[in-house]
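The values are calculated or read from the model by the stated rules, or taken from the named source; none is laboratory data. The structure presented is a predicted model; accordingly, all values stated were derived computationally and were not measured. So basically every Cβ, Gly included, is an ideal-geometry build from the backbone, and we count neighbours across all protein chains shown. Side chains included, ligands, DNA and RNA excluded: accessible areas come from the protein's heavy atoms. Shrake-Rupley method; radii C 1.70, N 1.55, O 1.52, S 1.80 Å.
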Amino acid sequence: MEQPALSVLINNYNYARFVGRAIDSVLNQDARNVEIIVVDDGSTDQSRSVLEAYDSRVKVIFQENAGQAAAINTAVRASAGEILCFLDADDWWAPSKLSATAAAFRANPQASLVYHRLQPTLVDGTPTSKPIPRTLCSGALSPLLTRSAGWWPFPMTSAVAVRRSAWNAAGSIPIQFRISADAWLVGIYPFLGDVIAMPDPLGFYRIHNNNWYRSTEDATTLRRRMTHWQQTVEATNLFLSAHELPARLHLTDHYPFRVASAKLQGADARTRFKLAVEGLFFAGEPNLLRRTRDSLRSAHGLSRLGLDVGLPEAAE
């Protein structure tokens, strides 16, 4: 049997109502020589019956709940393709996604990671807002990440594909990334090779309250994001040190972290002005107009009274 050129790796946890559309979108691709591996991470809904209905068309692995990183690692170990394409169970792809991805890797032999935009949708699949990320970054991105504490207009998991040789060099995703395992992919792989961005929205990103990013922010969500960002910086520095790479990240360069901290603690006029100026020079947003807009909006949206004010002790 011919070895598959592309491995599609789907991680699923309690998305029985969505995972069928994700799988069908892979089965309907115009690319050939593709394998599909779904790892169900201990779902307690009807996922098993949905997945087993696909028979031999999909390789399904059931495991006890261990988080997104563990599910992706399991899928990669079971795969054989030279290109690894990741898909969250609540998202789906356009029919040309895989062929476009394979072509991009062929045209760019130094690329470790290829990505594209995603079209955000409502829960029912209705498109909403513009494709993300708005700013695209290609080429050698490690200098940018070094100046921004690893932050850039990164793609979501379902837009990311990596070369197996780069996966082998990076190793498995640390299991601490139980959610947002894409933070490891988009944070580490730019240090291992070039990044190639494709401008078309070749996938669909379903927005709902189980996503990491919510439509509204509260103190709990902000603190969770800040902890995640800090742990990501620490994990990246451990990787860079272990691989004897000279770059190091510094959390003080992480502008979104500093803004989140100000939202929690509150910000006077001087702090708002300082953050506005810092945002104008933040390396993580290469587009000058968006960087200017974002820095002014961030500073304007800060309040003297932070979100932590008045929280009950249990919430602290």
Within segment 264-308, trypsin sites (Lys or Arg not before Pro) in DSSP loop having at most 11 other beta-carbon neighbours inside 10 Å: ARG304
DSSP-assigned coil residues among GluC sites (Glu not before Pro) in segment 213-267, each with at most 12 further Cβ atoms within 10 Å: GLU244
Accessible area of the chain belonging to carbon and sulfur atoms, whole % at 1.4 Å probe: 54
Sparse-neighbourhood loop sites, GluC sites (Glu not before Pro) in segment 1-74 - DSSP loop, at most 13 other Cβ within 10 angstrom: GLU2, GLU64
J(HN,Hα) series, segment 159-166, from Karplus relation 6.51 cos²θ - 1.76 cosθ + 1.60, nearest Hz, glycine and proline x: 9, 9, 9, 10, 7, 4, 4, 6
Descending semi-axes in Å of the chain, equivalent ellipsoid built from Cα gyration tensor: 33, 23, 18
Relative contact order (%) - criterion: Cα under 8 Å, at least six apart; region: the chain: 18
CD proxy at 222 nm, helix term only [per DSSP H run n ≥ 4: -39500 (n - 2.57); per residue of the chain; nearest 500]: -11500 deg cm²/dmol
Percentage, to the nearest whole number, of Cα pairs in segment 148-295 over 24 Å apart: 39
Most to least packed among 122-133, 254-265 [average Cβ atoms within 10 Å]: 254-265, 122-133
Shape call, segment 7-53: gyration tensor on alpha carbons, a/c limit 1.5: prolate
Debye, to nearest 20: dipole size of segment 145-253, +1 on Lys, Arg Cβ, -1 on Asp, Glu Cβ: 220
Ellipsoid semi-axes in whole angstrom, largest first, where each is sqrt(5λ) of the Cα gyration tensor of segment 137-195: 17, 14, 11
GNM result for the chain, Cα springs below 10 Å: residue of VAL186, VAL60, VAL195 fluctuating most strongly: VAL60
